[in-house]
Amino acid sequence: VSLITSDIYNKKEMHATGKIMSDEILSDILAGFTISESNNSVIDPCCGDGNLLVSAYKRKKEISESNNENIKHNELLDAIHGIEKDPNLIQLTAFKLIGQDLENVNSETRTKLITSDLFQSYSIEKYDSVVMNPPYLRNEDLLTNEKEDWLNNIEKIKNSKSFIRNISQPNLYYFFVERATEMINEKGSAAYILMSKFLNNQDGTLLKEYLVPYLDALIHYPPSFFKGFAVTTDIFILKHKTRATEKISFLNIKNTEILRDVNNLKKIISRKIDVLENDYSVVNIDKQIINPNDNWRLYLIDPSNKFDKFISTEGLTTIESLFPDIKRGKAGNSGGSSNLFPKS
């Protein structure tokens with residue numbers, strides 16, 4: 001399948017359309033956090049070549065076998081859903097899923113995969129598990145009429161105004177996040193791979209505000225998982241807001257071996273205890289006090305609060321007292337600034 005994918009798709013061309021295929025380890029993490037029962041319904045609303053859904057299948061089968069439930073191949077497939085615009089990718093996804101247990105493929109074997117644009121569907125169906133690695137495209141690469149169609153779709157589904165209408169430069173994945181989050185049922189969870197950049201830029205403020213009621217944890221890992229692509233990403237763990245936790249865990253993984261043990265990751269987050277170790281750090285922030293206007297990256301890169309201690313040093317002068325106009329620099333892929341402004 002990897003050979004087929006590399007033969008059909010040029011990596012640079014895929015990146016130009018915002019597509020990045022999901023790493024296997026990260027895919028397993030998303031499945032591990034969102035699937036707790038073998039009969040959980042799963043959807044990836046932009047499934048690409050199906051890596052996230054394959055991890056979901058394996059997770060469901062593992063739970064079934066550990067519970068001696070003996071759920072058949074076709075039954076597992078029946079609860080796994082995917083949507084993808086590219087008909088070639090959707091066929092690769094189907095091939096991967098069906099091939100997970102070839103001995104039990106028969107005339108009744110079906111996949112629940114749809115070749116469609118997510119924003120052309122007005123389905124209000126909700127799921128136990130929503131997993132997603134959405135495409136990333138800058139606002140200037142998006143067509144105005146398409147964006148309006150997407151917003152209309154989102155607003156029709158949720159029956160309220162989209163927060164994206166108040167953002168001047170929304171990335172493509174903003175639309176996917178809002179649409180996908182509306183797919184979580186009342187007992188459900190979601191896990192997304194998203195660009196880190198919005199944690200520390202102006203347009204990210206409203207996205208953070210939108211995510212707060214759902215957000216359980218943010219997992220940061222070394223950018224080497226996406227070699228050859230200049231983008232830094234994190235995993236965002238969500239729960240339906242009726243059962244969401246009171247605190248958001250900001251987990252910064254320094255030793256990538258930790259990522260291989262999903263159960264340990266879940267324990268670290270579920271404890272909601274601050275930790276500062278060589279292999280990882282975790283900071284838990286109460287949702288009642290977290291501020292979407294703040295730089296959330298500091299919870300990851302400065303867990304011991306050294307920055308706040310520094311700016312409280314006696315004798316320092318605030319930047320606002322020196323300049324009448326304070327602006328952020330042009331943000332790079334890391335969410336930083338290409339110009340030097342002390343405030344950032």
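Based on what the data block shows, is Lys161 within 17 Å of the chain's Cα centre (by Cα), surrounded by fewer than 18 Cβ atoms within 10 Å (Cβ to Cβ) and more than 27 Å from Arg260 (Cβ to Cβ)? It would help to see each step written out before you state the result.
Details: within 17 Å of the chain's Cα centre (by Cα): no; surrounded by fewer than 18 Cβ atoms within 10 Å (Cβ to Cβ): yes; more than 27 Å from Arg260 (Cβ to Cβ): yes.
Against the criterion (within 17 Å of the chain's Cα centre (by Cα), surrounded by fewer than 18 Cβ atoms within 10 Å (Cβ to Cβ) and more than 27 Å from Arg260 (Cβ to Cβ)), Lys161 does not qualify.
Tell me yes or no: at least one residue of region 49-62 is open to solvent by 30 Å² or more (accessible area, probe 1.4 Å), in a loop (DSSP other than H, G, I, E, B) and within 22 Å of Leu194 (Cβ to Cβ).
As a first pass, look at region 49-62 and keep what is open to solvent by 30 Å² or more (accessible area, probe 1.4 Å): 51, 58-59, 61-62.
Narrowing further to those that are in a loop (DSSP other than H, G, I, E, B): none.
No, that holds for no residue.
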Checklist outcome for this item: By residue number, the members of region 100-117 that are in contact (Cβ under 8 Å) with a residue 12 or more places away in the chain, open to solvent by 70 Å² or more (accessible area, probe 1.4 Å), out of contact with any strand residue (DSSP E or B) (no Cβ under 7 Å at 6 or more places or on another chain) and of a type outside the set (Asp, Glu) are Asn104, Asn106, Arg110
Checklist entry - What number of residues within region 285-295 are open to solvent by 50 Å² or more (accessible area, probe 1.4 Å) and either within 29 Å of Glu62 (Cβ to Cβ) or among the hydrophobic types (A, V, I, L, M, F, W, C) (or both)? => result 1
Checklist entry - Which one is nearest to the chain's Cα centre (by Cα) among residues in region 44-103 that are under 24 Å from Asn263 (Cα atoms) and acidic (Asp, Glu)? => result Asp44
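Scan region 296-309 and give yes if some residue there is open to solvent by less than 70 Å² (accessible area, probe 1.4 Å), at pLDDT 70 or above and over 28 Å from the mean Cα position of the chain (by Cα), otherwise no. Steps first, please.
Within region 296-309, the first condition is being open to solvent by less than 70 Å² (accessible area, probe 1.4 Å), and the residues that meet it are 296-300, 302-304.
Then keep just the ones that are at pLDDT 70 or above; that gives 296-300, 302-304.
This time we only want the ones that are over 28 Å from the mean Cα position of the chain (by Cα), so: none.
No, the conditions are met nowhere in region 296-309.
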Next on the checklist: Among the residues that make up region 56-79, is at least one of them modelled with pLDDT of 95 or more, in contact with a strand residue (DSSP E or B) (Cβ under 7 Å, 6 or more places away or on another chain) and either acidic (Asp, Glu) or more than 28 Å from Gln120 (Cβ to Cβ) (or both)?
Outcome noted: yes
Checklist entry - Phe95 versus (1) touching a Phe, Trp or Tyr at 6+ places or on another chain (Cβ under 7 Å); (2) more than 17 Å from Asn39 (Cβ to Cβ); (3) not β-branched (Val, Ile, Thr): which is the lone unmet condition? => result (1)
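Let's see how each residue does on (1) in a loop (DSSP other than H, G, I, E, B); (2) out of contact with any Lys or Arg (no Cβ under 9 Å at 6 or more places or on another chain):
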{"position": "Tyr122", "(1), (2)": "yes, no"}
{"position": "Glu125", "(1), (2)": "yes, yes"}
{"position": "Pro134", "(1), (2)": "yes, yes"}
{"position": "Lys147", "(1), (2)": "no, yes"}
{"position": "Ala180", "(1), (2)": "no, yes"}
{"position": "Asn185", "(1), (2)": "no, no"}
{"position": "Ala190", "(1), (2)": "no, no"}
{"position": "Leu199", "(1), (2)": "no, no"}
{"position": "Tyr210", "(1), (2)": "no, yes"}
Checklist entry - Taking the stated definitions as given, is Ala191 surrounded by 14 or more Cβ atoms within 10 Å (Cβ to Cβ), touching a residue at least 40 places away in the same chain (Cβ under 8 Å), touching a Gly at 6+ places or on another chain (Cβ under 9 Å) and farther than 24 Å from Asn139 by Cβ? => result yes
Next on the checklist: open to solvent by less than 30 Å² (accessible area, probe 1.4 Å), part of a helix (DSSP H, G or I), closer than 24 Å to Leu53 by Cβ and of a type outside the set (A, V, I, L, M): is that true of Phe236 in this structure?
Outcome noted: no
Checklist entry - Taking into account only those residues within region 258-294 that are free of Cβ contacts under 8 Å to residues at least 12 places away in the same chain and either part of a helix (DSSP H, G or I) or of a type in the set (A, V, I, L, M, F, W, C) (or both), which is nearest to Leu206 (Cα to Cα)? => result Ile289
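Can you pull out every residue in region 295-309 that is outside any helix (DSSP H, G or I) and either closer than 16 Å to Pro222 by Cα or of a type in the set (Lys, Arg) (or both)? Break it down stepwise before answering.
As a first pass, look at region 295-309 and keep what is outside any helix (DSSP H, G or I): 295-297, 302-305.
The answer is Arg297, Asp302.
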Checklist entry - Can you name the residue in region 239-284 that is in contact with a helix residue (DSSP H, G or I) (Cβ under 7 Å, 6 or more places away or on another chain) and over 23 Å from Ser304 (Cα atoms) and is also surrounded by the fewest Cβ atoms within 10 Å (Cβ to Cβ) among such residues? => result Arg260
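For region 170-179, state whether one or more residues are touching a strand residue (DSSP E or B) at 6+ places or on another chain (Cβ under 8 Å) and not aromatic (Phe, Trp, Tyr). Steps first, please.
Here is the first cut: in region 170-179, the ones touching a strand residue (DSSP E or B) at 6+ places or on another chain (Cβ under 8 Å) are 171, 173, 176-177.
In the following step, the residues that additionally are not aromatic (Phe, Trp, Tyr) were identified as 171, 177.
Yes; the residues of region 170-179 include at least one that is touching a strand residue (DSSP E or B) at 6+ places or on another chain (Cβ under 8 Å) and not aromatic (Phe, Trp, Tyr).
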Next on the checklist: Anything in region 136-165 that is under 24 Å from Thr233 (Cβ atoms) and basic (Lys, Arg)? List them, or say none.
Outcome noted: Arg138, Lys147
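The values are calculated or read from the model by the stated rules, or taken from the named source; none is laboratory data. From a predicted model like this one, the values you see are computed outputs, not experimental measurements. Reconstructed Cβ throughout: ideal geometry from the backbone, glycine too, with neighbour counts over all protein chains shown. When the accessible area is computed, the model is the full protein with side chains, heavy atoms only, and any ligands, DNA or RNA have been set aside. Shrake-Rupley method; radii C 1.70, N 1.55, O 1.52, S 1.80 Å.
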